[in-house]
Amino acid sequence: MPKIIVIEPDGTRRELDAPVGKSLMQIGRDAGLDIEGACDGAMACSTCHVYVEPAWVAKLPKMGEDESDMLDLAFGVTDRSRLGCQIVMTEELDGLTVALPKNTRNALLG
Ligand code: FES
């Protein structure tokens, strides 16, 4: 099974099993990480914001306009920012490494 590596805000690296077809948000949440995913992947909250490691940025499918619009509402957005609910695991993404931000913003709450 593919794996992902998630770096928590305190620097802890977690290696997680990442079933193909599951989103990074779901995988992190199932593992008990601090990924809220308040809208369950409907691109309405930005609480699944992650920073993709530089080597992986270009390997991910390009982000759509809806994802980009929602990220505009997140805290601390960089050119490595993505919504974890929009990254769906494939075999090719084995080893994908992302970092969690210190804070997220739930756009559902305004
Ligand atoms: S879970 Fe809400 S935008 Fe990703």
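Bear in mind these aren't lab numbers, they're just calculated from the coordinates by the rules spelled out. No experiment lies behind these values; they were computed from the predicted model shown. So basically every Cβ, Gly included, is an ideal-geometry build from the backbone, and we count neighbours across all protein chains shown.
Okay, here's what the table says:
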quantity: Helices (runs of 4 or more DSSP H) wholly inside segment 21-100 containing at least 1 residues that are among the basic types (Lys, Arg); calculated: 24-30
quantity: Residue list for segment 56-103, filter: closer than 13 Å to ALA44 by Cα, within 14 Å of the chain's Cα centre (by Cα) and near the ligand (Cβ under 10 Å from one of its atoms); calculated: GLU67, MET70, LEU71, ALA74, LEU83, GLY84, CYS85, GLN86
quantity: Among (1) more than 12 Å from the chain's Cα centre (by Cα); (2) more than 13 Å from the ligand (Cβ to nearest atom); (3) surrounded by 16 or more Cβ atoms within 10 Å (Cβ to Cβ), the one test that VAL6 misses; calculated: (1)
quantity: Some residue of segment 14-37 being within 14 Å of the ligand (Cβ to nearest atom) and at positive phi; calculated: yes
